[in-house]
C-alpha cells in the first residue's frame, strides 16, 4: 500500500516537473515605467520574456488593411540571442523581428545588461518609419542558495512521538522561495514535497537570511516509528521563478546544503513494561 | 356700284401685299447672339472631336440700316463646313440651342440658305478626324423688301479655320506613393498628386478622395496647368504631347491637391485614395455639350505613414 502511494506521488512529481519545464506558469508583465520596475531583475541562465505594445495608430491602420504589421529590432547589449516566446530561434530579416514579444536565455555573467527595441512601420508603399528606441536595463542576479543552519553539520532531531519540526535554514536571494525536498522513511523511496518559504519582503540578495525554517508537519512523518531523512533538492526564489523555462533555473549542487540532509527520528515508546523482578526470597 | 367695288378690290390687294412683305420680315429676323465669342476675328478655332461649337456672323450693318427703314428685309446665310479644299463635309448645322435651322421656301428663300446668322456645328466622327484642319464658310445673301430671294445680292464668303483635336487625357503615372516618415498631418498638409495630361491647358480635373475607405473629400474641380499659347502651327502637336504635372508632398506647385487632415482615431494617418472622374481642357470646355475627357488611369493612393511611437518594454514583474 505504501509502495503504491509512493509510486503515484513520484509519477505525479515527474509529470508536474515536465509540465513546468516549458511553462513556468502564468507570467505577469509590467511596464518598465512602473515604479520599482525600471530595471528587470533576472537570474543567470533563466529564459526571460519581453514584449511591447505596438503603436496604437498603426494597429488601427493594420486592422483596416492599410498598413502591414510593424517589425521590431530587438537586441541585447551583450549579444544574447533573441528567441521566440516559446524558446525557439527567432528569425530576423534585416535585423528586424516580426513579433512584439521575445524571450532570451540570459548569460552567466552577473551585472547589468540591457535589451533594446525600436518599432518600424511596414507601409503598403514606400519605406517604413523607425520609431524611437526603448531600452530596458536588466540586472543579472545569481541563483538563490539554501542550506540548513548552521551549515556544514549533519543535523538530527527526534522525539518519542510524531511532532512538527522547524528546520532552520540559511537562504539567499529574493523571497518568497520555493523549496523542493524529499522525505525518505527508513531508506525507502523518497516522497517529494514543496514548500513556499518567506515573503516578498525578504530581499536579502547574497547575504543569507537565517531566520526562516523548513516546516515539517506530522502528516509528512506519518509512517510511524523510524527515521525520516529530509533532503532539499531544489530552491527557486521570486526572481528565478520568472524564468519561462524552469529547467534552466534548477539549483546546482553548490546551491544546496553541503551536508544535504536533516534526520528526524520518531523513537519507539515502550508500552509493554514487564513486572519488576527481584531475587527470590526463599 | 362698280366703281366702289373696284376700290374695294384695290384696297384688299394693297393690304395683301403689305401682309406678304410683313410675313417675310417676320420669318427672317436675325437671332440675338447667344454665345460668347472671341473678340479677335483673326484667330483659328480649336475644337474637340465630338464637341458642338457655335458660330456667329454679324449681318452687314448697312443692310440692317435699310431694314430699319423698310427698304430691305433680313438677309439669309449659307453656312458650309468643308475641307481645306472647300469640299463639303456633309455636316448639318443646327441652331445654337441644337434645333433645326430655318429655310424659307422659294421665292423667299433658296436651298442651302438659312435665316440664322448664329449656328452650332457638331464636329464628330466620321465627318471629321482628329488632327485635321477644316473650314467653316458663310455667305450673307441680301433680300430686298419684296421678299424675293433671287432679287437680292450674294455677299462674299468669309472663312474660319477649324482645328479638330482630341479630347484631353489624364494619366496618373504612379499607382501609389507615400509621404515621408513623420509627416504628421495634424495641422493639415497638401499632397500634390502627379498627373500627366494631354490637351491644351489649363485643364480642369474633377476628382474625389476617400480616407481609409470612407468618403473624405469631394474635391472641387481643380484647375491645373496654364494656357501654353498655341499657334496654328503647333496646336496639333501641343494637344497630343503629354504634359507632366509632377506633384510632391512638399512643393505646392502642380498636380492635384489633396489636403491631408489630422484628427480622428488615426490622427490623419493612413490611406487616401484619389479618384479622377473627369478632365476637360481649355478647348473641350468651349463645347456646348459636356465633352468627357479620356481617363487613362484614374486612381492614386497616398499613404501617410506614421513614425511608430515605440512603447516601453514590458518585462515580467519583479515584485
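Applying the selection to the range A:79-99, what residues are under 24 Å from the mean Cα position of the chain (by Cα), within 26 Å of residue A:112 (Cβ to Cβ) and in a loop (DSSP other than H, G, I, E, B)? Spell out how you get there, then give the answer.
Pass one, the range A:79-99, residues under 24 Å from the mean Cα position of the chain (by Cα): A:80-89.
Next cut, within 26 Å of residue A:112 (Cβ to Cβ) only: A:80-85, A:87, A:89.
Selection gives A:80, A:81, A:82, A:84, A:85, A:87.
Limited to the range A:129-176, what total is found for residues that are over 26 Å from residue A:242 (Cβ atoms) and within 14 Å of chain B (Cβ to nearest Cβ)? Show your work before the answer.
Narrowing the range A:129-176 to residues over 26 Å from residue A:242 (Cβ atoms): A:129-132, A:148-168.
Narrowing further to those that are within 14 Å of chain B (Cβ to nearest Cβ): A:129-132.
Counting residues in the range A:129-176 that are over 26 Å from residue A:242 (Cβ atoms) and within 14 Å of chain B (Cβ to nearest Cβ) gives 4.
The listed residues are A:54, A:69, and the only one of them that is more than 10 Å from every other protein chain (Cβ to nearest Cβ) and either crowded, with 20+ Cβ neighbours inside 10 Å or modelled with pLDDT of 95 or more (or both) turns out to be A:69. Condition check: surrounded by fewer than 18 Cβ atoms within 10 Å (Cβ to Cβ) and in contact with a strand residue (DSSP E or B) (Cβ under 8 Å, 6 or more places away or on another chain). Does residue A:49 satisfy that? No; evaluated as a whole, the condition is false for this residue.
Yes/no per residue for (1) surrounded by fewer than 14 Cβ atoms within 10 Å (Cβ to Cβ); (2) out of contact with any strand residue (DSSP E or B) (no Cβ under 7 Å at 6 or more places or on another chain); (3) modelled with pLDDT under 85:
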{"residue": "B:203", "(1), (2), (3)": "no, no, no"}
{"residue": "B:210", "(1), (2), (3)": "no, no, no"}
{"residue": "B:223", "(1), (2), (3)": "yes, no, yes"}
{"residue": "B:226", "(1), (2), (3)": "yes, yes, yes"}
{"residue": "B:229", "(1), (2), (3)": "yes, yes, yes"}
{"residue": "B:234", "(1), (2), (3)": "yes, yes, no"}
{"residue": "B:239", "(1), (2), (3)": "no, no, no"}
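Among the candidates B:42, B:49, which residue alone is touching a residue at least 24 places away in the same chain (Cβ under 8 Å), within 18 Å of residue B:136 (Cα to Cα) and not assigned by TED's automatic domain parsing to the domain that holds residue B:240?
Only one candidate passes the filter, namely B:49.
When residue A:13 is tested against (1) out of contact with any strand residue (DSSP E or B) (no Cβ under 6 Å at 6 or more places or on another chain); (2) at pLDDT below 85, just one condition goes unmet, and that condition is (1). Of all residues in the range B:111-128, those that are over 17 Å from residue B:30 (Cα atoms) and crowded, with 16+ Cβ neighbours inside 10 Å total 5. So for the range A:138-145 (the condition being assigned to a loop (DSSP other than H, G, I, E, B), modelled with pLDDT of 95 or more and out of contact with any strand residue (DSSP E or B) (no Cβ under 9 Å at 6 or more places or on another chain)), does at least one residue qualify? Looking through the range A:138-145, none of the residues is assigned to a loop (DSSP other than H, G, I, E, B), modelled with pLDDT of 95 or more and out of contact with any strand residue (DSSP E or B) (no Cβ under 9 Å at 6 or more places or on another chain).
Out of B:280, B:266, B:298, I need the residue that is touching a residue at least 60 places away in the same chain (Cβ under 8 Å), in the same structural domain as residue B:226 (by TED's automatic domain parsing) and farther than 21 Å from residue B:45 by Cα. Which one? Working first, answer last.
Values: B:280 fails: farther than 21 Å from residue B:45 by Cα; B:266 fails: touching a residue at least 60 places away in the same chain (Cβ under 8 Å).
Every option except B:298 fails the conditions.
So is residue B:215 at pLDDT 80 or above and under 30 Å from residue A:54 (Cβ atoms) or not? Judged against the criteria, residue B:215 is a match. Residue count for the range A:242-251, restricted to those that are in a helix (DSSP H, G or I) and closer than 18 Å to residue A:147 by Cα: 1. Scanning the range B:142-166 for residues that are touching a residue at least 12 places away in the same chain (Cβ under 8 Å), surrounded by fewer than 19 Cβ atoms within 10 Å (Cβ to Cβ) and more than 18 Å from the chain's Cα centre (by Cα) returns B:144, B:145, B:146, B:148, B:150, B:153, B:154, B:155, B:156, B:157, B:158, B:159.
Within the range B:283-319, being under 24 Å from residue A:135 (Cβ atoms) and either away from chain A (no Cβ under 11 Å) or part of a strand (DSSP E or B) (or both) holds for B:314, B:315, B:316.
Suppose we keep only residues that are more than 9 Å from chain B (Cβ to nearest Cβ) and part of a strand (DSSP E or B) within the range A:110-121. Which one would you say is surrounded by the fewest Cβ atoms within 10 Å (Cβ to Cβ)? Only one residue tops the list, namely A:111. Return yes or no: is residue B:71 surrounded by fewer than 17 Cβ atoms within 10 Å (Cβ to Cβ), over 30 Å from residue B:237 (Cα atoms) and over 17 Å from the mean Cα position of the chain (by Cα)? When the stated conditions are applied, residue B:71 passes them.
Give the residue, chosen from A:59, A:42, that is over 24 Å from residue A:105 (Cα atoms), more than 8 Å from every other protein chain (Cβ to nearest Cβ) and not in a loop (DSSP other than H, G, I, E, B). Step through it out loud before you land on a result.
Values: A:42 fails: over 24 Å from residue A:105 (Cα atoms).
Within the list A:59, A:42, the selection yields A:59.
Being out of contact with any helix residue (DSSP H, G or I) (no Cβ under 7 Å at 6 or more places or on another chain) and either within 12 Å of chain B (Cβ to nearest Cβ) or closer than 30 Å to residue B:301 by Cα (or both), is that true of even one residue in the range A:76-83? Looking through the range A:76-83, at least one residue is out of contact with any helix residue (DSSP H, G or I) (no Cβ under 7 Å at 6 or more places or on another chain) and either within 12 Å of chain B (Cβ to nearest Cβ) or closer than 30 Å to residue B:301 by Cα (or both).
The values are calculated or read from the model by the stated rules, or taken from the named source; none is laboratory data. Predicted model only: the values in this text are computed from it and were never measured. All Cβ positions, even for glycine, are placed from backbone atoms using ideal geometry, and neighbour counts span all protein chains on display.
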